[in-house]
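The next block holds one structure in the form of structure tokens; read it before the comments.
Every read-out reported here was derived from the displayed coordinates using simple, explicitly stated rules and does not represent laboratory data. These figures come from a predicted structure and were not determined experimentally. All Cβ positions, glycine included, derive from the backbone under ideal geometry; neighbour counts span all protein chains shown.
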Amino acid sequence: MNAGISIENLSKRYGSVQALKHINLDINSGELFGLIGPDGAGKTTLFRLLATLLLPDKGGARMGDIDIVGDYKQIRNLLGYMPGKFSLYQDLSVIENLEFFATVFDTRIEDNMDMIHDIWVQIEPFKDRLAGNLSGGMKQKLALCCALIHQPKVLLLDEPTTGVDAVSRSEFWQMLKSLKSKGITIVVATPYMDEANLCERVALIKDGEILQVNTPQEIVDQFERKLYAIKSDDNYQCLLDLREFEFTNSVFLFGQTLHYTDVRKEFSLEEVNSYLKSKGHLNLEIEHVKPGIEDCFMALSTKADGYE
Amino acid sequence: MRVLKYLLQKEFLQIFRNKSMLPIIFVMPILQLCVLSFAATYDMKNTNLYIVDKDLSSHSRELISKFNGSPFFTVKEIGFSVEEAEKEIYKDKIDAILVFNDDFGKSVDLKKGASVQVLINAINASSAGLYNAYISSVIQDYNRKVSASIREVGTGVPVHFVQSSYLHQFNPEMKYIPYMLPGLLVLLVTVIGLFLSAMNVVREKEIGTIEQINVTPIRKSQFLLAKLIPFLIIGFFELGIGLSIAAFLFKIPFLGSVWLVYLVAFVYLIAILGFGLLISTQTNTQQQAMFIAWFFMVIFLLMSGLFTPVESMPEWGQTLNILNPIAYFIKVIRMILLKGSGFFDIVDEIAILTLFAVSVVSIAVNRYRKVA
């Protein structure tokens, strides 16, 4: 069946905060889709709306041809939702949690083992342990099992890898890939830009607005300017100085380096170098780097700010 | 049905796994019942008296010896100064002062009206009332004797008094335990029922599990029913323990049918649990739920007639009590246990409690929203 999601003009306001502003978005059936944005961008609100936990102020959305407001009961049967906060019963054991969610969906674990088997084998050794005593990665796996136990067609994962170690994170994405092969539409919200590359398509979202929807590759390709990584002894002072520099288009901290773009199409790096030297920076290293999703996101979000 | 069964199983698992809640559910009520039954009594013992005897006549001494002989009074000190006595009251060492003026004995002998002044520490108004009543009855008793002997001396003819005597029906010895204990049983099931149910749904909200529940196709009524039934069972269990303690330890009379008590308890508990669930669905943290539950609990309880008679409340208070489920249950359980009332004697109360139960549960189900 078609399990795509089409969102039209969706708006939600909390008091004076407009959490979502006229969102339009189409997610294809069977797609692994990423919703990338910083905290407070509106990702969770969008998920809660899709999960029928909130009612939209304006607009609507459909999964396949089922309306999320009018036919919310059907939605609940075909949807798997994993909230950002671990929300299983910590005082029930692993197997009890799974059994509970199976029963609530009026199904049995055995009937759906093929769906969760790959994940289940990893947590089965701990099945009698209380969920509250599991490690972060194990909790995520259990939550995923519980969200999948009723064979949903659409899986919404709200920041599933927040607070999970690097190894578990990559394992988790492997699992999502294999789930995708079963034909489930998967939407993942994440604040980690590096995870965007693992999705087929991503939507960059900020302040309740979608900045862009595209494949990760195309988003990166769109980056027009040349990007430079600058390293110095005092990155923070360097950042402040570059902000004062007349030709700076954008500069921000990126891990151990600063990412810098210039307003001019053609210019000599020597100019930047000498400017920084004049400000007293030593041991400067400037090199041309390929932009990542995060650079594109920063570029897009500053552009969006400029229009306001 | 299978869903409900599993939901119930899950609730019980959670209750029995909560190591800090178990003693609260099962041990505390028993302690409460035993301690309160002995402590919450209106029997006045050991009223401390200070007697100011300026008279020192045989009459005053006779009256003093009456107080001395009574189990309710302890004559702490006999002195001559009211000021001294009042100082003792300020120190809270004395509950009442009895003052004989120096003409007391003479007045009795002259067959004039003799007077005794009674000063009572009324910090606690209800005990002050009781001191007053006890002291008056001792003095009255003395009065009768004196006037009888006076007349006998005067006329030589025996005097016949009309002596009124009372019979306290259904609790002939006016014992407090049979009176208090049924009420305490109600208190016990109410505390357990109201608090457990009020804290439950909101707890799922606090730890976030409600999110996961709300996206499932589970029905509201199923979910709330699964919350209600375990506490109903626990409430019944508590009531059973309480009734056994009442019967075997305190040996209070069981004139009516225990099944009838359970029938009323069933309706009552549904009303209380429904009210708890309503609080739970309307709050966001366990702390809020706790305070709201306490607020209603205290109001309901103090107005219920457990400690003070409903009849002595002002008119508006009695009118408000129409809405107080605890008042109905306390009244009914006393009627059943002490008076042996049958179903038809309490059918009105049962009907009202049923009305409460049905309406409060429907409101709770209605107010619980899976969608924000």
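First obtain the Kirkwood hydrodynamic radius of segment A:224-290 from its Cα pairs, then insert it into the Stokes-Einstein equation at 4 °C and 1.567 mPa s, and state the resulting D in µm² per second as a whole number.
Numbers: Rh = 11.7 Å.
The estimated diffusion coefficient comes to 111 µm²/s.
Principal-axis analysis of the Cα atoms of chain B puts helix B:286-302 at an angle of about 40° to the longest axis.
Note on B:203-209: average number of Cβ atoms from other chains within 10 Å of each residue's Cβ is 4. Across segment B:47-155, the volume of the C-alpha convex hull divided among the residues equals 89 Å³ per residue. When the protein assembly as shown is described by a simple charge dipole with +1 on each Lys and Arg Cβ and -1 on each Asp and Glu Cβ, the residue from B:S257, A:T215, A:N112 located farthest towards its positive end is B:S257. Other residues lying with their Cβ under 14 Å from the Cβ of B:L4 contribute a combined charge of +4, Lys and Arg counting +1, Asp and Glu -1.
Measuring from centroid to centroid over Cα atoms, what is the spacing of segment A:187-245 and segment A:116-141 in Å? Cα centroid of segment A:187-245 versus Cα centroid of segment A:116-141: 34 Å apart.
Please report the equivalent ellipsoid semi-axes of segment B:200-316, computed as sqrt(5 x eigenvalue) of the Cα gyration tensor, largest first, in whole Å. Mind showing how you got there, number by number?
Values: eigenvalues 208, 84, 30 Å².
So the three semi-axes of segment B:200-316 are 32, 20, 12 Å.
Treating each Cα of segment A:157-232 as an identical point scatterer and ignoring solvent, apply the Debye formula and state log10 I(q)/I(0) at q = 0.12, 0.20, 0.23 Å⁻¹. Results for segment A:157-232 at q = 0.12, 0.20, 0.23 Å⁻¹ read -0.43, -1.01, -1.18.
Once the Cα-Cα distance is subtracted from the 0.36 nm per residue extended length, the B:S257 to B:Q9 segment shows a gain of 86.1 nm.
The C-alpha atoms of chain A define a longest principal axis, and helix A:113-123 lies at about 60 degrees to it. Placing +1 on each Lys and Arg Cβ and -1 on each Asp and Glu Cβ, with no other charges, gives chain B a dipole about its Cα centre of roughly 1620 debye. Using only side-chain charges placed at the Cβ, +1 for Lys and Arg and -1 for Asp and Glu, the dipole size of segment A:5-215 relative to its Cα centre rounds to 420 debye.
Counting only Cβ charges, +1 for Lys and Arg and -1 for Asp and Glu, the dipole size of the protein assembly as shown around its Cα centre is about 2180 debye.
Think of the protein assembly as shown as having a plus end and a minus end, set by charges on the Cβ of Lys, Arg, Asp and Glu; of B:V267, A:L198, B:F100, B:F100 sits farthest toward the positive end of this dipole.
Taking the C-alpha atoms only, the angle from helix B:125-155 to the longest principal axis of chain B is near 30 degrees. Each Lys or Arg adds one and each Asp or Glu subtracts one; over the other residues with Cβ under 11 Å from the Cβ of B:N121, this totals -2. Projected onto their three principal axes, the Cα atoms of the protein assembly as shown cover extents of 138, 66, 46 Å, largest first. Summarising the overall dimensions of segment B:258-352 from its C-alpha atoms, the Rg and Dmax are 14.6, 44 angstrom. Rg and Dmax of chain B, both derived from C-alpha coordinates alone, stand at 28.0, 96 Å.
For the pairs A:K141/B:K370; B:K93/B:K331; A:K21/A:K85; A:K206/A:K279; A:K127/A:K180; A:K180/B:K227, note any where the Cα-Cα span goes beyond 29 Å.
Going by Cα-Cα distance, B:K93/B:K331; A:K206/A:K279; A:K180/B:K227 fall outside the 29 Å limit.
Here the translational diffusion coefficient of segment A:118-181 follows from Stokes-Einstein with Rh set to the Kirkwood radius across Cα pairs; for 25 °C and 0.890 mPa s it amounts to 200 µm²/s.
The ellipsoid equivalent to the alpha-carbon distribution of chain A has semi-axes of 41, 23, 16 angstrom, derived from the gyration tensor eigenvalues as √(5λ) and listed largest first.
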